[in-house]
Structures are given as structure tokens and as C-alpha cells.
Amino acid sequence: IEEQRALQVTLREERATATREIDEARERQQLRREMEGMIHMNGKIRESIRLKRHFRTRIDNDEAGNVVVEQTEQEPKQPPPAALAKETVSYASDVVKRDFVWEVQGLS
């Protein structure tokens, strides 16, 4: 009987230790999820910085921003009336924040 009582005390201590280890493992897991979220957010911030630097370079190269386009040569030739006109605009990157005036002519 004494042997079984001693074994029971040992087993209860092991069970308490196992429960404590589970709690610690859950806390480590939660900290890993938190860290993953921070890593993800930092990646997004880095990407934002990269895009802003790219935009700054485009402004420095007069490819974006307040760009003055000089009219040289002659007016561009107009396509014949029966020609197919197609224009594609992508809004995926390099968004310029300013006012634009769009003029569409010749629609029927």
C-alpha cells in the first residue's frame, strides 16, 4: 500500500508538471502567432517604403508628379474613322494623387 501511495504522489506531480508544460507551450504558441503577425506587418511596411522610394525616383526622373510635357513636332496623326481604337489603363501601381481632366471625343 505504501508503495502505491508513493507512486500516486509521483504520478500526481508528473500530471501537474505535464499540465504546466501544456500551459507554457500554449503561451509560446501564442507568442509565435504574435511574432508572425508582426513579421507580416513589417513586410507590408517594407513594401510600402519600397513603392514610395520608387515613386520618388519616378518624380526625380520627371516620369510622375507635376510633369510638364512640351509639345514638339506636329500634332499626332488622327487614325481613320473606321480604325479600331483601344485604350487600356492599369490602376495596379504607381498611383498619382492629383486632379485629372479626361476628354473623350467621337463617341456615338
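The values are calculated or read from the model by the stated rules, or taken from the named source; none is laboratory data. Owing to the predicted nature of the structure, the values given are computational and were not obtained by experimental measurement. The protein model used for the area step is the full one, side chains on, heavy atoms only, and it has no ligands, DNA or RNA in it. Shrake-Rupley method; radii C 1.70, N 1.55, O 1.52, S 1.80 Å.
Amide H of Ala64 versus every other amide H placed in the peptide plane: which residues, excluding those fewer than 5 positions away on the same chain, fall under 5 Å?
When sequence neighbours closer than 5 places are left aside, the close amide H contacts are Ile59.
Can you pull the percent of the stretch 22-63's accessible area that's carbon plus sulfur, 1.4 Å probe, other chains left in place?
It is 54 percent, rounded to a whole number.
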